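A quick write-up on the structure given underneath.
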Amino acid sequence: MTEVRREVFGQMPQEEGGGVVEKFILKSDTVKVEILSLGCIIAALETKDRDGKFSDVVLGFDTLEGYTRKHPFFGAVVGRVANRIAKGRFTVEGKEYQLFLNNGPNSLHGGARGFDKVLWSPQVLPNGVCFFRLSPDGEESYPGDLKVWVTYTLSGGELAINYRAQTSKTTPINLTNHAYFNLAGQGSQDVYDHEISIEADAYLPVDDTKIPTGEVAAVQGTGFDLRQPVELGKHLQKFHLDGFDHNFCLQQAQARRLAARARHPPTGRAMEVYTTQPGIQFYTGNNLDGSLKGKGAVVYPKHSAFCLETQNWPDAVNKPHFPSALLRPGEEYNHTTWLLFNAA
């Protein structure tokens, strides 16, 4: 049985349009997750270690103020298009669109005011919560009225996130959740003692602005071969890597399949990621720098968390040989990701 509660988390500042931000608490025997109506943010996720002790394993803030200031998308649903679009430009049906540039020369995670910074309308379900919003035609320069539903449901140790969308004009779309995990507990110094594996035979090399070059490269014989579990710290050292911020190419199938596993041997906590998406962005918190005070007044230094963001491939709207990022009128965008937590 999943218990669902709702409470007021805070009030948006007037310059952000005001409005009440609610928090939804989903609780099973083994997992407790807190989700905000602002940006569909996973603000806390508590899971048991092998001794049955709960710890919060996602980075974030104790108060709404933290989330209304600039932060690296902690726990949020990002869109209309997650990840990067080269030079913030794309052409759909003969028309060129120019987006806001918020990541060097590129557009990242939906632009200046993406899905992470807006209030969503919640509906409580027996085992979760469904958030809805209408992204109007022209919002952040994207075409079409886009209706979006993001549904979180909790069943035992499994949190499911379903994304659905319908549009009035052909538009690129790529939705993901940007939770930062540390299975030792948020506030732990680094994730070097975590074991990571990713079910991908290929990855996308990137240029110096993190845009895929267009090559789909085999992981075999490289530091990107994570098909067998590696201890993260040792692996980064061995291959002289500063960290990961790359898309791994999953098998192309609409069915649920295993994408990645993360395990923290000292506590026994493990997380498995299943998805219907064609890619997963593995990011090791390279841009965290200790300047942000998070929950319990802890600071978050570089490599103190990792993200496993299930999504379409970055810049797909400009790369015809990548899986299509376009949603057309009359079609439905529908993807699900499952996060399964356990301890052994």
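The values are calculated or read from the model by the stated rules, or taken from the named source; none is laboratory data. Keep in mind the model is a prediction, meaning the values are calculated, not measured. Cβ: placed from backbone, ideal geometry, glycine included. Neighbour counts: every protein chain shown. Please note that ligands, DNA and RNA were not included when accessible areas were found on the heavy atoms of the full protein model with its side chains. Shrake-Rupley method; radii C 1.70, N 1.55, O 1.52, S 1.80 Å.
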List the residues, sorted by chain then number, that are 5 or more residues from residue 92 or on another chain and whose placed amide H is less than 5 Å from its amide H.
97
Determine ³J(HN,Hα), in whole Hz, for all residues of region 205-214 in sequence, where each value follows from phi through the Karplus function 6.51 cos²θ - 1.76 cosθ + 1.60 and θ = phi - 60°; x replaces Gly and Pro.
x, 10, 7, 6, 9, 6, 8, x, 6, x
Å² of accessible area per residue within the chain, as computed with a 1.4 Å probe and no ligands counted
40
Unit charges on C-beta of K, R, D, E only; dipole of region 55-99, Debye:
340
Among [x] 28, 26, 19; [y] 43, 22, 17; [z] 38, 26, 19, find the value of semi-axes √(5λ) of the Cα gyration tensor in Å that was calculated from the structure presented, and write down its label.
[x]
Could you order the peptides 56-67, 128-139 from most to least packed, using the average number of other C-beta atoms within 10 Å per residue?
56-67, 128-139
With +1 assigned to the C-beta of every Lys and Arg and -1 to the C-beta of every Asp and Glu, and no other charges, what is the dipole magnitude of region 193-344 about the Cα centre in debye, to the nearest 20?
440
Can you give the FRET efficiency to the nearest 0.05 for residue 227 and residue 15, using r as the Cβ-Cβ distance and R₀ = 51 Å?
0.60
Would you pull out the residues with amide H under 5 Å of residue 10's amide H, same chain only if 5 or more places away, H placed 1.01 Å from N?
21
Just by accessible area at a 1.4 angstrom probe, what is the order of 257, 164 from largest to smallest?
164, 257
Fully extended contour minus Cα-Cα distance, from residue 29 to residue 254, at 0.36 nm per residue
78.0 nm
Please give the length that would be gained between residue 141 and residue 93 if that part of the chain were fully extended, namely 0.36 nm times their separation in residues minus their C-alpha to C-alpha distance (nm, one decimal).
15.8 nm
Accessible carbon and sulfur surface of the chain relative to its total accessible area, %, 1.4 Å
49
Given the C-alpha centroids of region 283-344 and region 245-266, what is the distance between them in whole angstrom?
12
Long pairs among 48/295; 32/302; 234/319; 70/169; 32/70, criterion Cα-Cα beyond 24 Å
32/302; 234/319; 70/169; 32/70
Give the calculated FRET efficiency between residue 299 and residue 54 to the nearest 0.05, with a Förster radius of 30 Å applied to their Cβ-Cβ distance.
0.85
Starting from the Cα of residue 7, step 7 Å along the direction of its Cβ; do the same at residue 127; then give the gap between the two resulting points in nm.
2.5
Comparing 290, 111, 330, which has the greatest mean-square fluctuation in the GNM of the chain with Cα pairs linked when under 10 Å apart?
330
